[in-house]
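Quick note: the coordinates plus some simple rules give every number you see, no bench work behind them. What you are looking at is a predicted structure, and each value in this text was computed from that prediction instead of being measured. Glycine also receives a Cβ, built like all others from the backbone with ideal geometry; neighbour counts cover every protein chain displayed.
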Amino acid sequence: MTAGDVRVVLADDQPLVRAGLRVLMADTPDIEVVGEAGTGDDAVLLAAELRPDVVVMDIRMPGTDGIEATRLIRRDAAAPRVLMLTTFDDDAYVYGALRAGASGFLVKDMALEDILAAIRVVAAGDGLIAPSVTRRLIEEFAARPEQVPPSRPRAVEGITDRECEVLTLVGRGLSNAEIAAELVITVATVKAHVARLFTKLDARDRVQLVIIAYETGLVAPSR
């Protein structure tokens with residue numbers, strides 16, 4: 001293992017799932033499985049004990065489920081990042097996982113290379129949601145009466161008009177390159193705007209920026 005390797009804890013109540021992921025990751029030189037948990041409670045304990053870079057967390061587990069375990073893990077400012085990996089791609093799970101502090105949400109039928117890439121992305125400090133659930137996230141959010149985004153976008157205090165434009169496009173799911181093309185600016189400039197949004201909005205990653213864009217009405221649900 002080298003200094004740049006990603007240390008991972010696998011949390012899933014099915015031993016065969018954990019074994020399959022462990023074997024597959026064993027052939028990946030930059031990712032190391034340092035621990036396994038079969039319950040949400042064990043995942044919380046291992047996260048505190050082993051301090052991995054990423055916890056790959058299933059949602060449905062005995063006792064403390066994956067969403068509550070994520071919430072407990074992420075209370076610590078120095079906590080590992082959590083990547084939800086599950087067969088349940090229901091929107092309520094997606095929103096609950098992200099609000100609990102997860103940095104990514106993937107489904108188990110994704111290709112292995114996509115899962116490994118997601119682990120690297122989350123470990124590097126960014127957020128990621130599976131393409132199969134990205135567009136539906138705002139639909140689920142908008143369906144909740146107590147959380148319907150305003151009909152008119154609210155002003156986001158403390159950011160410039162350009163940063164607001166970038167936040168809106170991030171909320172629509174555009175990549176940095178796509179935002180650059182849309183606004184006719186360089187990718188480096190987009191990255192600078194995104195970095196300032198992280199700081200100004202106290203967002204830990206891109207996923208939180210997406211949620212902020214939803215909550216302020218900058219991104220409206222499609223009808």
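Put a dot 7 Å past each Cα toward the Cβ at V187 and D161; how far apart are the dots in nm?
About 2.8 nm separates the two model spin labels.
Counting Lys and Arg as +1 and Asp and Glu as -1, what is the net charge of the other residues whose Cβ lies under 15 Å from the Cβ of L24?
Value of the local net charge: -4.
Between beta-carbons, use under 10 Å as the cut-off and find the net charge around K200, counting Lys and Arg +1, Asp and Glu -1.
Details: positive: R196; negative: E157, E163, D202.
The answer is -2.
Restricting attention to the alpha-carbon atoms of the stretch 46-107, what are Rg (one decimal) and Dmax (integer), both in Å?
10.6, 31
Please turn the phi angles of the stretch 110-124 into ³J(HN,Hα) values with the Karplus equation 6.51 cos²θ - 1.76 cosθ + 1.60 (θ = phi - 60°), one per residue in order, whole Hz, x for glycine and proline.
With coefficients 6.51, -1.76 and 1.60, one gets 6, 4, 4, 4, 5, 5, 5, 5, 5, 4, 5, 4, 5, 4, 7 Hz.
Quick one: what are the phi-derived ³J(HN,Hα) couplings along the stretch 169-180, Karplus 6.51/-1.76/1.60 with θ = phi - 60°, whole Hz, x for glycine and proline?
6, 4, x, 7, x, 6, 7, 4, 5, 5, 5, 4
Report the local net charge at D114: Lys and Arg +1, Asp and Glu -1, summed over other residues whose C-beta lies under 12 Å from its C-beta.
On the way: positive: K108, R120; negative: D109, E113.
In short, 0.
Along the stretch 46-57, what does the Karplus equation 6.51 cos²θ - 1.76 cosθ + 1.60 (θ = phi - 60°) give for ³J(HN,Hα), rounded to whole Hz, x for Gly and Pro?
5, 4, 6, 7, 9, 6, x, 7, 9, 9, 8, 10
If you project the alpha carbons of the stretch 183-223 onto their three principal axes, what span does each projection cover, largest first, in Å?
Rounded to whole Å, the extents work out to 33, 26, 13 Å.
Quick check: the distance between the Cα centres of the stretch 109-128 and the stretch 42-69, to the nearest angstrom?
The two parts, judged by their Cα centres, are 17 Å apart.
On full extension of the chain, what length is gained from A111 through R99, given 0.36 nm per residue of separation minus the C-alpha to C-alpha distance? Write out the running numbers ahead of the final one.
On the way: separation 12, 0.36 × 12 = 4.32 nm, distance 2.56 nm.
My answer for the length gained is 1.8 nm.
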